[in-house]
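Presented below is the structure to which this report refers.
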Amino acid sequence: MQQVFDDVICAEEFGFTSEQKVLGYQRESWDVSEHYLIPKKDPNYVFRQETLGIMSAWWEMGSGEPLFVSGPHGSGKTSFINQFCARVRAPVIAMTARARLDRTDLIGHYVIDKDKSMRFVDGPLTRAWRRGFVFLVNEMSAAPGDLWLSVNELLEGAPLFIEATGEVIERHPRTRIVMTDNIRGLCDDEKGSYVGRFVQDPAVMDRCWKMRMDYMDADSEIALILSSTPEVQCVGISSSEWKREFAVRLRKSAERVREAYCGMDPTVSVDATISTRVLMRFRDLLLLSYRSKAMGCSHREAVRKALRISLTDCLDSTSASVIEKLVEAELGNIGDYLLV
Ligand SMILES: Nc1ncnc2c1ncn2[C@@H]1O[C@H](COP(=O)(O)OP(=O)(O)OP(=O)(O)O)[C@@H](O)[C@H]1O
Ligand SMILES: [Mg+2]
């Protein structure tokens, strides 16, 4: 395909057994001083076939155009980009957008050196443009639409003109732009719960490939819980059976809360949801909490304690109690089989 790639990465690297390959880079093709920008591989990261398919197609074919990844908080957008780049060995320079971000924050500005001389310091976009990095912008809609409009020509891969120095930089053939967001760019999320977000200009969104990343399907999320749950000792059931059942019930409890949050369950309504991020935290705290049963903590208390710390302590008591009941009902007595 394109000559910019100099390596081929097997599907096994992404957790699949197919013959499929993804083009990538050799680590040695980057300057040693840039190696730290290649994200560290998380062996427990679970790729989903569909999103990996879109990402690979964009990676290999969509060279000059940015990728826009939208999805609810904690669904794995940022970690997906980083974990993909870890495997294809692409350095990533990341930033999070904000309301007062302006073009100079992206391109660069003059600083005064120790010897009182003025020196231009490249911003993250300029560094990516020069060196061929992936420029990752998180929460892109936290910045107003006119900012992204002001770099429209760069979103198309045009040369970067630094007004302050007069320098023109051709886009390095490896440079890529990825933006993540909780809203879809041209419309808000259905609940309108994300604060201070700006609907973006259609001309900006028009330039991007789009990828939706909702919370994981049951099989993927259960696989993630299974692969990252530590070994446990059980009574009356084998440890692997227990882990599987625990993962299934955890996922089910997250699903119930997600349905209530999205209004899919008309009988209950809650103000927060269990993202994959929260689910992992809840799992860790729950295992800790189950162990404290030895100190007289009941099963119910153990679940509530773990839920409070991982999610519900920032909610009103009604929402917190509904979530606790939904989760408790799904988890049942699974903790009773743990040897504490
Ligand atoms: N597929 C996955 N495999 C492994 N861990 C995952 C996966 N998806 C999410 N996680 C876990 O959830 C955490 C949150 O993911 P991440 O930060 O990528 O979410 P996000 O969608 O970017 O959220 P936000 O919109 O809040 O920025 C990760 O640090 C990781 O622990
Ligand atoms: Mg993120």
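What relative contact order, as a whole-number percentage, does the chain give when Cα pairs under 8 Å and 6 or more residues apart are counted?
About 17 percent, as a whole number.
Would you mind working out the accessible area per residue for the chain, using a 1.4 Å probe, and quoting it in Å²?
Here the per-residue accessible area is 48 Å².
Ranked from highest to lowest mean number of other Cβ atoms within 10 Å per residue, what is the order of the peptides 16-23, 114-121?
16-23, 114-121
Pairing the Cα long axis of helix 77-88 with the longest principal axis of the chain, what angle in degrees results, from 0 to 90 and rounded to the nearest 10?
70
Near the amide H of Gly24, under 5 Å away, which other amide H atoms are found, from residues 5 or more places off or on another chain, if H is placed in the peptide plane?
Asp6, Asp7, Val8, Ile9
So how do 280-286, 237-243, 173-179 stack up, highest first, on mean other-Cβ count within 10 Å?
Packing proxy ranking, top to bottom: 173-179, 280-286, 237-243.
Normalised by the empirical 2.2 N^0.38 Å for globular proteins, what value does the Cα Rg of region 267-318 take?
1.19
I want the local charge near Gln83. Using Cβ-Cβ distances under 15 Å, sum +1 for each Lys or Arg and -1 for each Asp or Glu among the other residues.
Summing Lys/Arg as +1 and Asp/Glu as -1 gives +4.
Wrap a convex hull around the Cα atoms of the chain, take a quarter of its surface area, and give that in square nanometres.
So the Cα hull casts an average projection of 21.1 nm².
How much accessible area does Thr96 have with a 1.4 Å probe, in Å² rounded to the nearest 10?
Accessible area, nearest 10 Å²: 80 Å².
Which semi-axes, in whole Å and largest first, does the equivalent ellipsoid of region 142-267 have when worked out from the alpha carbon gyration tensor as the square roots of 5 times its eigenvalues?
44, 22, 11
How much net charge surrounds Pro39 when only the other residues with a Cβ under 13 Å from the Cβ of Pro39 are counted, with Lys and Arg +1 and Asp and Glu -1?
Cβ neighbours under 13 Å give a net charge of +3.
Can you pull the semi-axes for region 1-100, root of five times each eigenvalue of the Cα gyration tensor, sorted largest first, whole Å?
21, 18, 15
Whole-Hz Karplus ³J(HN,Hα) for region 250-262, in order, using 6.51 cos²θ - 1.76 cosθ + 1.60 and θ = phi - 60°, x for Gly and Pro?
With the stated coefficients, region 250-262 comes to 4, 4, 4, 5, 5, 4, 4, 5, 4, 5, 5, 5, 7 Hz.
Can you tell me how much longer the chain between Asp219 and Ser117 gets when fully stretched, taken as 0.36 nm per residue apart minus their C-alpha distance, in nm with one decimal?
Net length gain for the segment: 30.9 nm.
³J(HN,Hα) across region 42-55 via Karplus (A = 6.51, B = -1.76, C = 1.60, θ = phi - 60°), whole Hz, x for Gly/Pro?
Once rounded to whole Hz, the list reads 9, x, 8, 5, 9, 8, 9, 3, 5, 6, 5, x, 5, 4.
Which far-off residues, 5 or more places away or on another chain, put their amide H under 5 Å from the one on Lys210, with H placed in the peptide plane?
Phe68
Leaving out same-chain residues fewer than 8 places away, which lysines sit with a Cα under 30 Å from that of Lys41?
Leaving aside lysines fewer than 8 places away in the same chain, those within reach of Lys41 are Lys21, Lys77, Lys210, Lys243, Lys252.
The values are calculated or read from the model by the stated rules, or taken from the named source; none is laboratory data. Nothing here was measured: the structure is a model prediction, and the numbers come from that model. All Cβ positions, even for glycine, are placed from backbone atoms using ideal geometry, and neighbour counts span all protein chains on display. These area figures cover heavy atoms from the full protein model, side chains too; ligands, DNA and RNA do not enter into them. Shrake-Rupley method; radii C 1.70, N 1.55, O 1.52, S 1.80 Å.
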